[in-house]
Amino acid sequence: MGPIYTFDDIIDMLRRRAGVIILITLLGCIASVYWALSTPHVYQSSEVIQIEQPKIANDLAPSTVEGSSARRLQLIEQQLMARGTLVDIIQRFDLYDDLTALRMSEKVDLLRRSVTITGVAAPREGFADDGTISVMTFTAEMDNPADAQAVAREFADRTRQMSAAQRQSQTQETLEFFQRQEQNLIRDISELEAELADYRAENDLSLEGSLQFRRGEISSLNDALLELDREIIATRLA
């Protein structure tokens, strides 16, 4: 190859070696196609769910809202990645049936590594980080696009079901607590009313201040009972 001084020299060089260039290009294309066909394909599918925050005030029913959503969702994620749940998903969608040499434990490990769960933190209110999660993304990688979509959707659906069941259980426990408090207040009021009736029957004249004190005590208990009724109604609506 001689020295190149002008653009015409470059064109002349390419013209003389056009056959070699075309041959190398064709061989490279054939090798690329062969490599692409021989490499196993991996398909990825994602499902996104939005996490709604509880609307019950903390001072009304703390047991239904205490604990960050990140902690609750972490517990749900641990349940999703448990062996029993993964085995159920594998059997439901007939995953890895072509890999007959794999044991079930190996299939479980393969599915666990094929699914990724990520969360996006909600915007902070002020400078405090309350661990609130606003969006969760479930990503599944499979050798079949239908399986990837089905697995990602299954994980998202199970997360919604577990979250709803968890919230329902906490709400039920809070409701039962309020009902027990209501029963205790009703019993206290009944005892005070019976004591007041006995006192009136035994004494023609009440001691100064005693009657007013007991009336005030009964009034306070009635107010507490009404407040509990309002809280029970709000909890049931939740």
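So here's what we get for this one:
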item: Criterion (at pLDDT 85 or above, closer than 30 Å to Leu75 by Cα and crowded, with 16+ Cβ neighbours inside 10 Å) met by exactly one of Glu231, Glu154; result: Glu154
item: Any pair with Cβ under 8 angstrom, 6 or more apart, that starts in the range 187-202 at a residue that is more than 14 Å from Ser220 (Cα to Cα) and ends at one that is polar (S, T, N, Q); result: Tyr199/Ser206; Tyr199/Ser210; Arg200/Ser206
item: All positions within the range 204-225 that are open to solvent by 100 Å² or more (accessible area, probe 1.4 Å) and either modelled with pLDDT of 80 or more or not in a helix (DSSP H, G or I) (or both); result: Asp204, Leu205, Leu207, Glu208
item: Residue in the range 164-183 that is farther than 30 Å from Ile51 by Cβ, surrounded by 11 or more Cβ atoms within 10 Å (Cβ to Cβ) and at pLDDT below 80 present; result: no
item: Close pairs (8 angstrom Cβ cut-off, 6 or more residues apart or separate chains): surrounded by 13 or more Cβ atoms within 10 Å (Cβ to Cβ) in the range 100-119, basic (Lys, Arg) anywhere; result: Val108/Arg83
item: Filter result (of a type in the set (Ser, Thr, Tyr) and closer than 19 Å to Ala234 by Cβ) within the range 152-195; result: Ser169, Thr171, Thr174
item: Close pairs from the range 144-161: first in contact (Cβ under 8 Å) with a residue 12 or more places away in the chain, partner aliphatic (A, V, I, L, M) and part of a helix (DSSP H, G or I), Cβ under 7 Å, at least 6 apart; result: Val151/Ile89; Glu154/Ile89; Phe155/Leu80; Arg158/Leu80; Thr159/Ile76; Thr159/Leu80
item: Members of the range 191-203 found to be open to solvent by less than 60 Å² (accessible area, probe 1.4 Å) and within 18 Å of Leu228 (Cβ to Cβ), listed by number; result: Leu192
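The values are calculated or read from the model by the stated rules, or taken from the named source; none is laboratory data. What you see is a predicted model; the values in this text were computed from it and never measured. When we count neighbours, we look across all protein chains shown, and the Cβ atoms used for this are built from the backbone with ideal geometry, even at glycine. When the accessible area is computed, the model is the full protein with side chains, heavy atoms only, and any ligands, DNA or RNA have been set aside. Shrake-Rupley method; radii C 1.70, N 1.55, O 1.52, S 1.80 Å.
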